[in-house]
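Note sheet for the following structure.
The values are calculated or read from the model by the stated rules, or taken from the named source; none is laboratory data. None of these values were measured; they are calculated from a predicted model. Using ideal geometry, Cβ is built from the backbone for each residue, glycine included, and neighbour counts are taken over all protein chains shown. Keep in mind that these areas ignore ligands, DNA and RNA; they rest on the heavy atoms of the full protein, side chains included. Shrake-Rupley method; radii C 1.70, N 1.55, O 1.52, S 1.80 Å.
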Amino acid sequence: MSRKFDVIVIGAGPAGYVAAIRATQHGLETACIDSWKNLDGSTAFGGTCLNAGCIPSKALLESSELYHRAAIEFSNHGIGVGELSLDLHQMQLRKAKIVGQLSSGIEALFQANKVTGLFGRGRLLPDNKVEYTPHEGEPELMEAGHVILATGSVPVELSAAPFDGEHIVDSWGALEFDAVPKRLGVIGGGVIGLELGSVWRRLGAEVTILEAMDRFLSVADAQIAKEAQRQFKKQGLDIRLGAMVREAEYSDAGVILKYDDEQGGHEVTVDRVVVAVGRRPQTDNCMDPLAGVDIDERGFIRVDDECRTTASNVWAVGDVVRGPMLAHKGSEEGLMVADLIAGEVAEVNYPVIPCVIYTAPEIAWVGRNEEELKAAGVNYKVGTFNFAASGRAKAMDQDAGMVKFLADKDTDRILGVHIVGPLAGELIGEAVLAMEFQASTEDFQRTIHGHPTLTEAVHEAALSVDRRAIHAINR
Ligand code: NAD
């Protein structure tokens, strides 16, 4: 007899494991299957985000930031540390410990919530059946009332510079270096390229980022992107725009990256290369073609606004479906789907998803940027505030950057908030909440912000929308 569940989730990343836990909170009998294997062959829940993405990269970002500050900024505070040294092995051990703690935390949550967590491959078959193949053992047929596909995404490989696992690596490989490369090449100046480029630059590598687009960080508000680019340049990141990589050639001197830009052909020789040119949805081998789940022209599982696929009672959430590839977007979709399966009303507010880039300074935004508002013909007003005028930012020695507030000129509703500066990823939270509650700029202006905090900079940017900032000259 095959095992029967109310819900089977395939994939235990932030979209899948969250869906599974919420489903059991509704009293639904739920299994969650995950095929993840670490580099040492061990199994783990948490997917790319926890095991090879967000969490380990943030651990290294924090360590590299501390190292950089100790080297560059401590003396300004009157702190001497003698001769500074770097123990990368210890840094990597600390990172691995954090990842291990959080991954076993998911196992504990599964146990506490009575989710049946299973390591191995899950494959959707027709009629809501799932074939579960443990890493070691025979395939087992299971049945489910509902199946949630949450199989995530994988790095895009570049034919001009294929991964070799040693000299040319993906984002996971770049988190596992056992020595700081002297010269690091990064192909792709997007989110991953900038975050990883920052880590290794701060630990001493000469970092060259080759980005195909002419505009730096084109997903961000142009003014914010320009300020961020200025900061990164000051930190010594060599960002080359309009650079299309043509070939990677191995030589005794290192890997020669050959690229073209408007001026013609160029090359740069590096010791290691990180390819970060995007990720693609992972749908290989996770469903039978007869299961009835449509894939769109870009390889994403086709879903409606509520994450229903084209197969009855089969849902898909996270990176494997349209929308930004962000862990928190996937988690919200997981919660929504579990709630819908349980018969509740639920939705994801897609226009109000925050984006955060964990460089130093951080970049974060929510809502629409100025270019999008212009293109849509919206009558908008703008307020800005520089962290240079924030007492707290100055005390922290992190006063680079700014906050930009965009609001509807006619209704005063907040349309977007964009930040480059210290803890931007934390600061954006109050803007997300304000937008979720459909606040006006005046609501925000009349909200009391603690002094001295970085949140005052967001408050001042809101005041500046109506030329009422106190600690800046209103123009
Ligand atoms: P991305 O889409 O953010 O950036 C890829 C960049 O590579 C683009 O700017 C593109 O123009 C460039 N590119 C493409 N082909 C190129 C070529 N041949 N030569 C030079 N440049 C080239 O992708 P990513 O940085 O790989 O990240 C993948 C996904 O993961 C994204 O959706 C991202 O949002 C998500 N992610 C998010 C976070 C976060 O929220 N902090 C962190 C990591 C990843």
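None of 66, 86, 93 is over 30 Å from residue 6 (Cα atoms), modelled with pLDDT of 95 or more and over 26 Å from the mean Cα position of the chain (by Cα) except 86. Pairing each residue of the range 202-214 that is in contact (Cβ under 8 Å) with a residue 12 or more places away in the chain and open to solvent by 30 Å² or more (accessible area, probe 1.4 Å) with any residue that is among the small types (Gly, Ala, Ser) and away from the ligand (no atom under 14 Å from the Cβ), provided the two are 6+ apart or on different chains, yields C-beta distances under 8 Å for 206/236. A single member of 301, 295 is among the aliphatic types (A, V, I, L, M) and free of Cβ contacts under 8 Å to residues at least 40 places away in the same chain, and it is 295. Within the range 159-175, the residues that satisfy the criterion of being within 16 Å of the ligand (Cβ to nearest atom) and either more than 23 Å from the chain's Cα centre (by Cα) or open to solvent by 50 Å² or more (accessible area, probe 1.4 Å) (or both) are 159, 160, 161, 162, 163, 172. Of all the criteria given as (1) at pLDDT 95 or above; (2) in contact with a helix residue (DSSP H, G or I) (Cβ under 9 Å, 6 or more places away or on another chain), the one not satisfied by residue 165 is (1).
Results for (1) in contact with a strand residue (DSSP E or B) (Cβ under 9 Å, 6 or more places away or on another chain); (2) assigned to a strand (DSSP E or B); (3) within 13 Å of the ligand (Cβ to nearest atom), shown as yes or no for each residue.
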residue	(1), (2), (3)
192	yes, no, yes
196	yes, no, yes
200	yes, no, no
216	yes, no, yes
227	yes, no, no
231	yes, no, no
247	yes, yes, yes
258	yes, yes, yes
266	yes, yes, yes
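Taking the range 315-413 as the region of interest, the strands (runs of 3 or more DSSP E) fully inside it that hold 3 or more residues being in contact (Cβ under 8 Å) with a residue 12 or more places away in the chain and within 15 Å of the ligand (Cβ to nearest atom) are 355-357, 362-367. When residue 103 is tested against (1) within 29 Å of the chain's Cα centre (by Cα); (2) over 24 Å from residue 18 (Cβ atoms); (3) in contact (Cβ under 8 Å) with a residue 40 or more places away in the chain, just one condition goes unmet, and that condition is (2). Would a scan of the range 292-312 turn up a residue that is within 30 Å of residue 469 (Cβ to Cβ), surrounded by fewer than 17 Cβ atoms within 10 Å (Cβ to Cβ) and away from the ligand (no atom under 16 Å from the Cβ)? Looking through the range 292-312, none of the residues is within 30 Å of residue 469 (Cβ to Cβ), surrounded by fewer than 17 Cβ atoms within 10 Å (Cβ to Cβ) and away from the ligand (no atom under 16 Å from the Cβ). Filtering 314, 255 for residues that are under 18 Å from residue 8 (Cα atoms) and at pLDDT 95 or above leaves a single hit, 314. Among the residues of the range 388-433, those identified as small (Gly, Ala, Ser), open to solvent by 30 Å² or more (accessible area, probe 1.4 Å) and over 27 Å from the mean Cα position of the chain (by Cα) are 388, 389, 391, 395. Summed over the range 32-47, the residues that are more than 24 Å from residue 146 (Cα to Cα) and either crowded, with 23+ Cβ neighbours inside 10 Å or in contact (Cβ under 8 Å) with a residue 60 or more places away in the chain (or both) give a count of 3. Only residues that are open to solvent by 70 Å² or more (accessible area, probe 1.4 Å), closer than 30 Å to residue 256 by Cβ and touching a residue at least 60 places away in the same chain (Cβ under 8 Å) were counted across the range 267-291, and they come to 1.
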